[in-house]
Amino acid sequence: MDTAPAEKKASWRPDWVAIIFIGAYHVLLAALLPVYLATQRPGSGLLIGSLVLVVLCLLAITAGYHRLYAHRTYRVKRPAEWFMVFFGTLATEGSIFRWAHDHRLHHRHVDKAGDPYGTDKGFWHSHLLWMLKEGAPIDPKYISDLKDNRMLQLQDRYYGLWVTLVNVIVVAALFLITGDWLGAFVIGFLARTFVVHHCTWFINSLAHMWGSKPYSSEHSAVNNFILAILTLGEGYHNYHHTFAGDYRNGVRWYQFDPPKYLIWGLSKLGLAWDLKRTDPLMIKKKLVQADRKLLLSHLKDLDLHDQAHAFSEAVEKLSEKISGTIASAKAVTDKYRSLDRRQHRSELKELRMRFRALKQEIQQDLKTWRHLCRVVLSMQPATA
Ligand SMILES: [Zn+2]
Ligand SMILES: [Zn+2]
């Protein structure tokens, strides 16, 4: 049909609003920041206020736009939603409908055609350039669960008005507090927007290019502690793309993930509930699968003939055993949850004992697995 080329052409139309806004604030920041710093010394109130705004904007994007709306990993009461919408709008990253729509496409088509910000077209495309062309119209089927939310409808319909209004209010408040109108504009608006934007954009660019893949190598997303700092907790992107339904990104207790603490804190205050977590056994299963792939490819490269073959068999056998035991443990917990506690006491007791035995077996096998990983990865290619 002759509509295809027209559609293709239309999808490459420049988005002049984005080009002018992003271009203008970068130019203004580059021009005004040296002038401001040469003529004035920014007060601590201005610097602290602007830093707090950066943190609030990033939290509203990561905990709100991303984990609440794009992935629905928990539910919130109105006051928490007002916070997410207000500071998310202040971040100037588009409406929640548009953001969630594009992000769902990103997860669905990651690294393939259809991913709006795929890194297959290079760093600058995923970091910035994709925003400078007009996006495809929002397909309602991708936001069917969001489109009846009245607050989100209003945010989307009058987005230009809201984004201007909240930024004017915040910059005016900074001016009234500090008495420094140029500082409020240069640091409180231009520099704050620059930091929030680039930190968010790193999730689309660097978090798909620079880091490790402990959970899955089936997509380009990586884990990187430095990016976790820069993006305020979104640096465990390999975990996120593997288990996108989890409200956490840094699943280990020591991993830096402020939105995880915020969401958990909101749940303790009764403002959030239904926090979705991936079953720890499923996470272990995925880790073993990712290790297995790595070990088999390492053994293939070694060219050690019989020895490599024997190790490959051991890797296959043990990884299959662990996956099988985890599947059995999962079946036991599913059965346990399905039974009525008053009517099936003895059966429940039996299931608890069975689960404990399976868990012990998994722990023992994982210990052997870690040893096997160390041995295989320390093997060197045969020298001539
Ligand atoms: Zn996501
Ligand atoms: Zn991603």
Residue match in the range 86-94 (condition: more than 20 Å from the chain's Cα centre (by Cα), in a helix (DSSP H, G or I) and free of Cβ contacts under 8 Å to residues at least 24 places away in the same chain): no
Qualifying residue in the range 335-357 (condition: among the polar types (S, T, N, Q), out of contact with any Ser or Thr (no Cβ under 9 Å at 6 or more places or on another chain) and in contact (Cβ under 8 Å) with a residue 12 or more places away in the chain): no
Count of the range 58-79 residues which are outside any strand (DSSP E or B), in contact with a strand residue (DSSP E or B) (Cβ under 9 Å, 6 or more places away or on another chain) and away from ligand 1 (no atom under 16 Å from the Cβ): 1
Residue in the range 105-113 that is of a type in the set (D, E, K, R), within 11 Å of ligand 2 (Cβ to nearest atom), modelled with pLDDT under 95 and crowded, with 22+ Cβ neighbours inside 10 Å present: no
Subset of the range 190-220 that is free of Cβ contacts under 8 Å to residues at least 40 places away in the same chain and farther than 14 Å from His127 by Cβ - its residue that is surrounded by the most Cβ atoms within 10 Å (Cβ to Cβ): Gly211
Meets criteria (more than 16 Å from ligand 1 (Cβ to nearest atom) and surrounded by 20 or more Cβ atoms within 10 Å (Cβ to Cβ)) for Thr178: yes
Residue that is nearest to ligand 2 (Cβ to nearest atom) [pool: residues in the range 120-131 that are over 15 Å from Thr200 (Cα atoms) and in a helix (DSSP H, G or I)]: Asp120
Matching option when the condition is away from ligand 1 (no atom under 14 Å from the Cβ), over 29 Å from Val170 (Cα atoms) and modelled with pLDDT of 95 or more, among Trp82, Trp124: Trp124
Residue match in the range 109-128 (condition: closer than 30 Å to Ala80 by Cβ, over 20 Å from the mean Cα position of the chain (by Cα) and assigned by TED's automatic domain parsing to the domain that holds Val35): no
Tally, over the range 48-81, of residues that are touching a residue at least 60 places away in the same chain (Cβ under 8 Å) and aromatic (Phe, Trp, Tyr): 2
Ile177 out of contact with any Pro (no Cβ under 8 Å at 6 or more places or on another chain), away from ligand 2 (no atom under 16 Å from the Cβ), of a type in the set (A, V, I, L, M, F, W, C) and under 30 Å from Asp291 (Cβ atoms): no
Members of the range 133-161 that are farther than 19 Å from His71 by Cβ, hydrophobic (A, V, I, L, M, F, W, C) and at pLDDT below 95: Ala136
Matching option when the condition is touching a residue at least 24 places away in the same chain (Cβ under 8 Å), surrounded by fewer than 19 Cβ atoms within 10 Å (Cβ to Cβ) and part of a helix (DSSP H, G or I), among Val166, Val170, Val186: Val166
Residue among Gly245, Gly233, Gly250 that alone is of a type outside the set (A, V, I, L, M, F, W, C), outside any helix (DSSP H, G or I) and on the phi > 0 side of the Ramachandran plot: Gly233
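Here is a yes/no grid of residues against (1) surrounded by fewer than 17 Cβ atoms within 10 Å (Cβ to Cβ); (2) under 25 Å from Asp246 (Cα atoms); (3) aliphatic (A, V, I, L, M):
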position	(1), (2), (3)
Arg345	yes, no, no
Gln363	yes, yes, no
Thr368	yes, no, no
Val376	no, no, yes
Per-region count, the range 221-260, residues under 27 Å from Lys121 (Cα atoms), hydroxyl-bearing (Ser, Thr, Tyr) and more than 16 Å from ligand 2 (Cβ to nearest atom): 0
Residue ID - farthest from the chain's Cα centre (by Cα), chosen from residues in the range 273-295 that are farther than 21 Å from Arg252 by Cα and either outside the structural domain of Glu313 (by TED's automatic domain parsing) or surrounded by 18 or more Cβ atoms within 10 Å (Cβ to Cβ) (or both): Leu295
Leu372 vs. criteria closer than 25 Å to Leu287 by Cα and part of a helix (DSSP H, G or I): yes
Number of the exception - Ser328 against (1) among the polar types (S, T, N, Q); (2) surrounded by 11 or more Cβ atoms within 10 Å (Cβ to Cβ); (3) without any contact (Cβ under 8 Å) to a residue 12 or more places away in the chain: (3)
Long-range neighbours under 8 Å by Cβ, at least six apart or interchain, first residue closer than 13 Å to Arg192 by Cα within the range 28-42, second not aliphatic (A, V, I, L, M): Leu29/Phe194
Yes/no for Leu299 being modelled with pLDDT under 90 and part of a helix (DSSP H, G or I): yes
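The values are calculated or read from the model by the stated rules, or taken from the named source; none is laboratory data. It should be emphasised that the depicted structure is a prediction, and the values quoted were computed from it without experimental measurement. Reconstructed Cβ throughout: ideal geometry from the backbone, glycine too, with neighbour counts over all protein chains shown.
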